[in-house]
Amino acid sequence: MSRPRLGYRNTTGARLGEAEGRVTRGGRLWRWLRALTRTRRVQTIDGVRYEELDAIPLRRALARGVPKRYRVRFPGGARMVVAASGTHPIADLQGPGDLGEFTLIDPSVRPGDRVLLLHAGAGHGPQWLAERLGPTGAMVALEADAPSVRYAKRRYHTANTALEWCDLSGPKSLAGPLAGELDGAFDAIVHRRLPADPLARAAHLAECWRLLAPGRTMALLLASPSGHHDPREDPRLAALEAELWALADESPPGLEHLQRVRVRARCGLLVRKAEPPDDTPLPGEDDQSDGGSGGSGGGGGGGRPGDEDGGIGARR
């Protein structure tokens, strides 16, 4: 006598594997029909109208790594097509998730300061930071994505802010737009995506160091996310710290503070430039000095404050 064949069954009477297969195929068909007949969403935020150009929801498009395209109409009548993605977020649609990179220098920024932003994004971060600078502050913002620059100029009308397109990938990319800036011209600098190329990264670090005023702070973030559970333990930071220490030794007054920071899955450094000694002229004061000391009295700045207090800046 043959034994009865056992199998797990659901309420439909079909075997579990067969039921799952039918549900999966039916679910796919249902999702396809729903996406085909889905009404494209239109939303208006602060007078800016966003119309979807496809039926895929924004959350699903971001999960797949596919840009979500919108037709945008601004209050003045101008129109353009934008693509919201993880690398080029739009705050009206995705929320202010990129503000963490700008808040790194927020405690050290004062009204009336002059700030430099590299990879400024679609304008929401510069707008937020400009409110902290006040009417007497100023900002120079450079962005490598041309559509983001066009969108930011039409969406935000940030006072005292110069937002321009610039190719930020090459070693000489900063030489053109910032050639006329004097040493120590900026009170704060945010570089959101340091180049991965060693030559380009070294050139960007040298230019940022030259433009940062003594006693002020800059934030340097790596472009690609870290694969570590704690991004601050990324081994790339050790090489970046070594480059900064070597740069500070060559260009007094040196480093006062060096701290590893994280913004979600990305990592970087928060750097504070040391104050010059009392007998060292500030940048731009060489012509007004009597020429007695020659301006090389900042030899003390070549030291490493992190070696004394045991801070993270002592790592090589």
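The values are calculated or read from the model by the stated rules, or taken from the named source; none is laboratory data. Worth saying up front: this structure is predicted, and the values here are computed from it rather than measured. Because the Cβ atoms are built from the backbone with ideal geometry, glycine has one as well, and the counts that use them run over all protein chains shown. What goes into the accessible areas is simple: the full protein's heavy atoms, side chains included, and nothing from ligands, DNA or RNA. Shrake-Rupley method; radii C 1.70, N 1.55, O 1.52, S 1.80 Å.
Of note:
- In sequence order, calculated HN-Hα J values of the stretch 163-173 (Karplus, 6.51, -1.76, 1.60; Hz; x Gly/Pro): 9, 9, 7, 7, 6, 9, 9, x, x, 9, 5
- The stretch 40-171 - Rg (one decimal) and Dmax (whole number), Cα, Å: 15.3, 46
- What the Cβ-Cβ distance of residue 42 and residue 157 gives, at R0 = 22 Å and to the nearest 0.05, is a FRET efficiency of 0.40.
- Estimated inter-spin distance, residue 59 and residue 228, nm [label 7 Å along Cα→Cβ]: 3.3
- For residue 144 and residue 250, the difference between the fully extended length at 0.36 nm per residue and the C-alpha to C-alpha distance is 35.2 nm.
- Of the residues 213, 146, 124, the one whose Cα sits farthest toward the positive end of the charge dipole of the stretch 123-229, with +1 on the Cβ of Lys and Arg and -1 on the Cβ of Asp and Glu, is 124.
- Divide the volume of the convex hull around the Cα atoms of the stretch 107-157 by the residue count and you get 66 Å³ per residue.
- Geometric descriptor of the stretch 109-237, per residue, is 119 Å³ (volume of the convex hull of the Cα atoms).
- Equivalent ellipsoid semi-axes, the stretch 68-146, via Cα gyration tensor eigenvalues times 5, rooted, Å: 25, 15, 11
- Vicinal HN-Hα couplings computed from phi for the stretch 201-210 (Karplus, 6.51 cos²θ - 1.76 cosθ + 1.60; Hz; Gly/Pro x): 5, 5, 5, 5, 4, 5, 5, 5, 5, 5
- Per residue, the accessible area of the stretch 25-173 comes to 54 Å², computed with a 1.4 Å probe over protein heavy atoms only.
- Whichever lysines have a C-alpha closer than 26 Å to that of residue 273, once near sequence neighbours (fewer than 8 apart) are set aside: 172
- The simple spin-label model puts a point 7 Å past each Cα toward its Cβ; for residue 132 and residue 206 those points are separated by 3.1 nm.
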